[in-house]
Amino acid sequence: MNWDEEHSTIIAGLDLGTTKVCVVVAEQTAERPLRVIGMGQHPSEGIQRGAIVDAEKTVYAIGEAIRQAELRAGVEIDSVYAGISGEYIAGLNSTGMVAVGSEGGWIGAQDRARVLSAAGVVKVPFDCEVLHVLPQEFVVNGQRGILDPVGMYGVRLEASVHVVTSSVAAVRNICHSILRAGVDVRSVVLGPLASSYAVLSEDEQQMGVCLIDIGGGTTDVVVFVGKGLRHSGIIGLGGQNATNDIGVGLRTTRTEAEQVKCTVASNEAVAYIVGARMEEILALARKEVYSALPNVELGAGIVLTGGGAQTAGVVALAERVFGLPVRLGVPVGLVGGEELASPPYATALGLLLYGAEQQQEKNQKGAQVLVEEPFDSVLGRVKKWLQP
Ligand SMILES: Nc1ncnc2c1ncn2[C@@H]1O[C@H](COP(=O)(O)OP(=O)(O)OP(=O)(O)O)[C@@H](O)[C@H]1O
Ligand SMILES: [Mg+2]
């Protein structure tokens, strides 16, 4: 992120997908909202189901996407928010409690950070690390449902959080490839969390909603209730499986199968093959949601995004599988880059909105002059203690 004379901030998002590496760049000023000024993308041949299987090809694809984006935006990208997802990601819910330490019992930003650190202390396998600790709700002196406790009075502060963990090796490989392509990693972000910033409304997150991002190699499922993330799960199937099915069923090459799938959806045999695979993916997504949260009420239904959400008839199919209202999630909330307002770009554009929020929080924290250790380093140490 760099500041020019007009105090505009450059934010870049890099979505490391199974079918494409996509880089988007936006500019933000104090007066104007986030404006997309460039994008670049390259087919990702070195990534399978969200994990790097060929580092050289991945570095090349990232480098190409970055160069394209820089050229179009006319700015240099020095760091990115990287969106990742794969079967190496896991999510779990946790709680924590602290005694309010601030003067007079008024809860301060330090107390909030302390209780989140406490809630984020979960036992992770030795080869995994914590990626996110996302607040669901705070409880002050037994009063539930508080979204931000700062400024409230209390002696006992509790937090419920959703903790996202990831394999250390997978994240290290991804970060190393991005660094080798010539840019820094500001933060590694769970892909469907980023997508949620671009396609879900606050009302939906309040009422209860399940976002399903059907990508090429994985289908990512996240559930929000009462504005908090309650569940995240990754299914190792996506649009590429439907393409492979067509290839086998109709004895065509992958390229032909892909073309047939996306353009000739009216062909009965193709529609049948694709429909069967999509139904399987949606049924697995349903199982993912209800086995984790058996009594969850999804008042706002289901939102489908990712390239696979463009499959003809998939909204009606999902309505049947879930018995709930379903809509297509198209990215919103950004100015410019209108050609990107389609489901495959939800993660990349969401990364910009996520990045802008992080930046704003950091600026606010800077103003409050926090004296404590950064949250991440506390977590890092605690994790080391917990390792067997
Ligand atoms: N019109 C369409 N009909 C059917 N499938 C489509 C259509 N458009 C795109 N797809 C499918 O969407 C998939 C790619 O989606 P997306 O770009 O979201 O994936 P990705 O982010 O690269 O992968 P992942 O999220 O799994 O890592 C491909 O399998 C592609 O065939
Ligand atoms: Mg994706």
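The values are calculated or read from the model by the stated rules, or taken from the named source; none is laboratory data. In this text the structure is predicted, and so the values were computed from the model without any measurement. Virtual Cβ from ideal backbone geometry, glycine too; neighbours counted across all protein chains shown.
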Qualifying positions in the range 195-232 - within 14 Å of the chain's Cα centre (by Cα) and assigned to a loop (DSSP other than H, G, I, E, B): LEU200, GLY215, THR218
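Condition first: farther than 18 Å from VAL24 by Cα, within 14 Å of ligand 1 (Cβ to nearest atom) and crowded, with 19+ Cβ neighbours inside 10 Å. Now tell me which residues in the range 319-351 satisfy that.
Here is the first cut: in the range 319-351, the residues farther than 18 Å from VAL24 by Cα are 319-329.
Subset that is within 14 Å of ligand 1 (Cβ to nearest atom): 328-329.
Correct list: GLY329 only.
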Pick out the one residue from VAL133, VAL140, VAL98, VAL115 that is among the β-branched types (Val, Ile, Thr), modelled with pLDDT of 95 or more and closer than 18 Å to PHE224 by Cα. VAL133
For the condition surrounded by fewer than 17 Cβ atoms within 10 Å (Cβ to Cβ), within 15 Å of VAL150 (Cβ to Cβ) and away from ligand 1 (no atom under 16 Å from the Cβ), what is the one hit in GLY74, GLY101? GLY101
Filter pass, ILE77 being modelled with pLDDT of 95 or more and farther than 30 Å from GLN28 by Cα: no
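In the list GLY306, GLY355, which residue meets the criterion of being in the same structural domain as SER187 (by TED's automatic domain parsing) and either at pLDDT 95 or above or within 20 Å of LYS227 (Cβ to Cβ) (or both)? Walk me through how you get there before you give the answer.
Values: GLY306 fails: in the same structural domain as SER187 (by TED's automatic domain parsing).
Of GLY306, GLY355, the one residue that is in the same structural domain as SER187 (by TED's automatic domain parsing) and either at pLDDT 95 or above or within 20 Å of LYS227 (Cβ to Cβ) (or both) is GLY355.
Filter the range 292-318 for residues that are within 15 Å of ligand 2 (Cβ to nearest atom) and more than 11 Å from LEU211 (Cβ to Cβ) and give the result.
GLY307, GLY308, GLN310, THR311
Kindly indicate which of GLU70, GLU129, GLU137, GLU56 is acidic (Asp, Glu) and free of Cβ contacts under 8 Å to residues at least 24 places away in the same chain. Step through it out loud before you land on a result.
On the way: GLU70 fails: free of Cβ contacts under 8 Å to residues at least 24 places away in the same chain; GLU129 fails: free of Cβ contacts under 8 Å to residues at least 24 places away in the same chain; GLU137 fails: free of Cβ contacts under 8 Å to residues at least 24 places away in the same chain.
Result of the check over GLU70, GLU129, GLU137, GLU56: GLU56.
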